[in-house]
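Take a look at the structure below.
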Amino acid sequence: MSNDNSPYITTIGLEIHAELHTNSKMWCGCKNDPYEKKPNQNICEICMAHPGTLPVANKEAIKKVIQVGLATGSRIADFTEFDRKNYFYPDIPKGYQITQYKFPIVSGGSINGVELTRIHLEEDTAKSSHEGGMTLVDYNRAGVPLMELVTEPVIHSAEQAVAFARALQQILRYVGASEANMDKGQMRIEANISVAPRSQTTQTDRDHADRYKNLGTKCEVKNLNSFASVEGAIKYEVERHIALLEEGGTVVQETRGWDEIKLETFSQRKKENAHDYRYFPDPDLPKFYLSKLFDIEALRKEIPELPESRRARMLALGLKEDTIEIIVSDPSTAIYFDEVTAGKDAVYQTLTANYLVADIFGLLKKENKELIAENFPPSSSFRILLDMIQVGELSSRGAKDLLPLMLANKGLDVKKTAEEKGFIQKNDPELLKSIVAEVIAENPKQVADYKGGKESMFMFFVGQCMKKSKGAGNPGVFQELLKKTLDVRD
């Protein structure tokens, strides 16, 4: 949140674009493949705006925007239409972008307490690259379904903006709308930032049409492709605006870019207004009445449990907040966790979370593998391992030795391998009693120290017993046997 002690108030609104995960593009049957490396492979006459071609809307893309709206508690429009946003640039061969202006699919709603203005659907542009004095254009991305979300100007810090963007990314992934990988351009953020002296800033009644006044001149920073860039660009702009105001200067409304190397923004062009784009309804596309195309309530029932609900449920179980955050960050991990722990108590769920986050994630990081469910052991195998740990059949040492084998071989017979490798925990009191006797006989000085009042030596003996049993002895049994032996008076 903003610093209430600062003489300035920062106001931020975000515009976030996300490429939707569909089989085909928005207006044609070309493949929607964000990973295609060869330029201009997934294109057709519609992508290239050949004369006489007509667009046909992708129903699945509309459905995904509705589902995002349902997940954010937004209003779903009945009537919606598509408009032409007119501007000339090589990445838009038609000379206009098909988007939505007056009648978006989604309006209202909130994420992380930040109110949303609208969510609408449009088409992505082609991708330009500049080499050797030439501009090359790859049209593979042209026409890919693109969702745009616009927030109300109610964000007051860079940290709050990043938290909002992370929460949106999770929702997009949970409902299956977008992979939303920022490093691949599947989610791109633009921040509108203004700063004004707190004494001159007033907020009118929330229902008033002119809701916010005197918030200062806004600048838009475009195409921020990482959370670090979002935070850095906003903080830089806030400092730049304050410096200008304190010097008696004025902030110019403009569009700016973010230099990843210099870690500063730079001027790109004067900010356009809506009338510059000459919006008007696209005459090649029909009007849409969504209640005739979709069963909205049925779509609502398809929405999975979202991160916010999962956090609350897992907190109630007593799991640590940082562990919960790791598990809910990716929907495949959250679903995997639920599969493993179905019908189990809080103790079992904590055990699962600890082995998943500390051990499985640690092993995958060493191998530079993604922390997603397809790289985990099968949930049924992981459950067998956890069951063995809980009943004392498998020691923690044995589990740590077994997990790498389970990751390398998804079809591994967990129980059989544990037996063959000698990982099964030894609980036989007579066998463990002999190990305790050996450890005590081999460490007379430490025994004397313990009996002399140095109680911290007790865990030394437990460690020595575990070492002698090669990690297979039950530490609880060792502790009982050691207490009985060591606490006997001489």
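Total residues in segment 445-490 satisfying the condition of being touching a residue at least 40 places away in the same chain (Cβ under 8 Å) and farther than 25 Å from GLU393 by Cβ: the figure is 2. Taken as a whole, the condition of being over 19 Å from ARG310 (Cβ atoms) and in a helix (DSSP H, G or I) does not apply to LEU356. Restricting segment 253-267 to residues that are loosely packed, with under 12 Cβ neighbours inside 10 Å and among the hydrophobic types (A, V, I, L, M, F, W, C) leaves a set whose member that is farthest from the chain's Cα centre (by Cα) is PHE266. Based on this model, can you work out whether GLU36 counts as in contact (Cβ under 8 Å) with a residue 12 or more places away in the chain, assigned by TED's automatic domain parsing to the domain that holds ALA243 and surrounded by fewer than 17 Cβ atoms within 10 Å (Cβ to Cβ)? Considered against the rule, which asks whether it is in contact (Cβ under 8 Å) with a residue 12 or more places away in the chain, assigned by TED's automatic domain parsing to the domain that holds ALA243 and surrounded by fewer than 17 Cβ atoms within 10 Å (Cβ to Cβ), GLU36 comes out as yes.
Yes or no, residue by residue, for (1) in the same structural domain as LYS400 (by TED's automatic domain parsing); (2) in contact with a helix residue (DSSP H, G or I) (Cβ under 6 Å, 6 or more places away or on another chain); (3) more than 14 Å from LYS484 (Cα to Cα):
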| position | (1), (2), (3) |
| --- | --- |
| LYS433 | no, yes, no |
| VAL436 | no, yes, no |
| ALA441 | no, no, yes |
| GLY453 | no, no, yes |
| SER456 | no, no, yes |
| MET459 | no, no, yes |
| CYS465 | no, yes, yes |
| LYS468 | no, yes, yes |
| GLY471 | no, yes, yes |
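Residue pairs whose Cβ atoms lie under 7 Å apart, sitting 6 or more positions apart in sequence or on different chains, and linking a residue in segment 312-334 that is at negative phi to a partner that is of a type in the set (Phe, Trp, Tyr), are ILE327/PHE337; PRO331/TYR174. Search segment 268-315 for residues being assigned to a loop (DSSP other than H, G, I, E, B) and over 19 Å from ILE105 (Cβ atoms), and hand back the single one that is farthest from the chain's Cα centre (by Cα). Result: PRO283. Looking only at segment 40-53, residues that are touching a residue at least 12 places away in the same chain (Cβ under 8 Å) and either in a strand (DSSP E or B) or surrounded by 15 or more Cβ atoms within 10 Å (Cβ to Cβ) (or both) come to 8 in all. Before we move on, is VAL238 among the aliphatic types (A, V, I, L, M), assigned to a loop (DSSP other than H, G, I, E, B) and crowded, with 16+ Cβ neighbours inside 10 Å? In short, no. What number of residues within segment 163-201 are part of a loop (DSSP other than H, G, I, E, B) and either among the aliphatic types (A, V, I, L, M) or surrounded by fewer than 18 Cβ atoms within 10 Å (Cβ to Cβ) (or both)? Count: 8. Quick check on segment 251-267. Is at least one of its residues part of a helix (DSSP H, G or I) and in contact (Cβ under 8 Å) with a residue 12 or more places away in the chain? Within segment 251-267, none of the residues are part of a helix (DSSP H, G or I) and in contact (Cβ under 8 Å) with a residue 12 or more places away in the chain. Listed by first and then second residue, the pairs with beta-carbon distance under 7 Å, at least 6 apart or on different chains, first residue in segment 281-306 and among the hydroxyl-bearing types (Ser, Thr, Tyr), second exposed (fewer than 13 other Cβ atoms within 10 Å of the Cβ), are TYR289/ASP78; TYR289/PHE79; SER291/ASP78.
The values are calculated or read from the model by the stated rules, or taken from the named source; none is laboratory data. It should be emphasised that the depicted structure is a prediction, and the values quoted were computed from it without experimental measurement. Cβ sites come from the backbone with ideal geometry, for glycine too, and all protein chains shown count toward neighbours.
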